[in-house]
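Trainee: Take this structure first; my questions come after.
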Amino acid sequence: MKLFALKCDGGYLKKAPSVIQCVPIEKATVVSESGLEEMESLAAAAKKAGITNIFLIELVVTEGQCLKRF
């Protein structure tokens with residue numbers, strides 16, 4: 001599975017209702033290929049907010065072994 005996020009100097013971009021910020025990866029805005037247009041608008045809004053060095057990155061998710069059964 002491929003997912004995408006925007007990397008910035010302070011971590012990764014997160015789109016919140018009223019603010020765009022750099023956060024750790026576990027709080028980042030992450031999309032599948034169908035959401036790549038959203039990444040374009042998020043990057044543009046982040047630039048307007050003064051965030052620099054923005055890069056679209058691919059996150060590759062793999063399924064590992066079972067850690068615990070419920």
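The values are calculated or read from the model by the stated rules, or taken from the named source; none is laboratory data. Everything numeric in this text was worked out from a predicted model, so none of it was measured. Note that each Cβ is placed from the backbone with ideal geometry, even for glycine, and that neighbours are counted across all protein chains shown. We work out accessible area using only protein heavy atoms, side chains counted, and drop any ligands, DNA or RNA first. Shrake-Rupley method; radii C 1.70, N 1.55, O 1.52, S 1.80 Å.
Trainee: Which loop trypsin sites (Lys or Arg not before Pro) in region 12-70, with loop taken from DSSP, have no more than 13 other Cβ atoms within 10 angstrom of their Cβ? Write down the numbers at each step before the final one.
Mentor: Numbers: sites: 14, 15, 27, 47, 48, 68, 69; in loops: 68, 69.
Taking region 12-70 and a limit of 13 other Cβ atoms within 10 Å, the loop trypsin sites (Lys or Arg not before Pro) found are 68, 69.
Trainee: Could you pull out every residue, at least 5 positions away or on a different chain, whose amide H is within less than 5 Å of the one on residue 59? Hs are placed 1.01 Å off N in the peptide plane, and Pro or chain starts have none.
Mentor: Counting only residues 5 or more places away or on other chains, the set is 3, 4, 5.
Trainee: Treat every Asp and Glu Cβ in the chain as -1 and every Lys and Arg Cβ as +1, leave all other atoms uncharged, and give the resulting dipole magnitude about the Cα centre to the nearest 20 debye.
Mentor: Numbers: 9 positive and 8 negative charges, 60 e Å.
With Lys and Arg at +1 and Asp and Glu at -1, about 280 debye.
Trainee: Taking the solvent-accessible surface of protein heavy atoms with a 1.4 Å probe, what is the per residue accessible area of the chain in Å²?
Mentor: Numbers: 5360 Å² over 70 residues.
Result: 77 Å² per residue.
Trainee: Rank 3, 36, 16 by how far each Cα sits towards the positive end of the charge dipole of the chain (+1 on Lys, Arg Cβ; -1 on Asp, Glu Cβ) and give me just the farthest.
Mentor: Of the options given, the answer is 16.
Trainee: Could you give the angle, 0 to 90 degrees to the nearest 10, between helix 36-48's Cα long axis and the longest principal axis of the Cα atoms of the chain?
Mentor: 40
Trainee: Quick one: what do you get for the chain if you divide its Cα Rg by 2.2 N^0.38 Å? All intermediate terms of the calculation are to be shown ahead of the outcome.
Mentor: On the way: Rg = 13.7 Å, N = 70, 2.2 N^0.38 = 11.1 Å.
Against the compact-globule rule of thumb, the ratio is 1.24.
Trainee: Would you calculate a helix-derived [θ] at 222 nm for the chain, using -39,500 (n - 2.57) for each DSSP H run of n ≥ 4 and dividing by the full residue count, to the nearest 500? If you can, show how the numbers build up before the last one.
Mentor: Working: 1 runs with 13 residues, N = 70.
Helix-only estimate at 222 nm: -6000 deg cm²/dmol.
Trainee: Can you work out the Karplus-derived ³J(HN,Hα) for every residue in region 17-30? Use 6.51 cos²θ - 1.76 cosθ + 1.60 with θ = phi - 60°, whole Hz, and x for glycine or proline.
Mentor: x, 10, 8, 10, 9, 8, 9, x, 4, 5, 10, 6, 6, 10
Trainee: Give me the extension gain from residue 62 to residue 48: residue separation times 0.36 nm, minus the current Cα-Cα distance, reported in nm with one decimal.
Mentor: Values: separation 14, 0.36 × 14 = 5.04 nm, distance 3.44 nm.
Gain in length upon complete extension: 1.6 nm.
Trainee: Using a 1.4 angstrom probe on heavy atoms only, work out the carbon and sulfur share of the accessible area of the chain in %. Spell out each step's value before the answer.
Mentor: Working: 2850 of 5360 Å².
Whole-percent figure for carbon plus sulfur exposure: 53.
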